[in-house]
Amino acid sequence: MIDVSDPIKLIGYANSEFEKGNFQNVIVALEEGILKYDEFPLFFLLLAKAYFEIKDFANSKKILDIGLEKFPFNKNLVQFKNDTEKFLLSNANKKEVNNIFFYFHPSYCELFKKRTNLTIF
């Protein structure tokens, strides 16, 4: 059981676990910590980052949105939201491009064969 009686110690623990890559420990600690101390924007930021690191983008966004609702002018939360949106958008575009390529690729080969009368292996 994690001691959540002191929010400063909890942040120290979460930072330490985050640096070690123990993201599940960070998530457990900060979810419990937010229930008791929801006035710390750093809790929301670290929790959103931990979810992001384990590729749970839905929960990362959810926590980030809650944090931004409570602290709309927190620069760290705003910056993390901007960074994650850029990252997810760039990866979504790459995935779409790959899907389009594979979807149309056979058609291009057939079109090329018809125009050149060449055999493509």
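Only the coordinates and a few stated rules stand behind these numbers; no lab work does. Keep in mind that what you see is a predicted model, and the values were worked out from it rather than measured. Virtual Cβ from ideal backbone geometry, glycine too; neighbours counted across all protein chains shown.
Couple of notes before you dig in:
- Using the Cβ of I2 as centre and a radius below 13 Å, the other residues enclosed give a net charge of -3, where K and R count +1 and D and E count -1.
- Convex hull per residue volume in Å³, alpha carbons only, for the stretch 1-81: 81 Å³
- Cα centroid separation, the stretch 65-82 to the stretch 34-59 (Å): 11 Å
- Computed from backbone phi, the HN-Hα couplings of the stretch 71-77 come to 10, x, 10, 6, 4, 5, 5 Hz, rounded to whole numbers (Karplus: 6.51 cos²θ - 1.76 cosθ + 1.60, θ = phi - 60°; Gly and Pro given as x).
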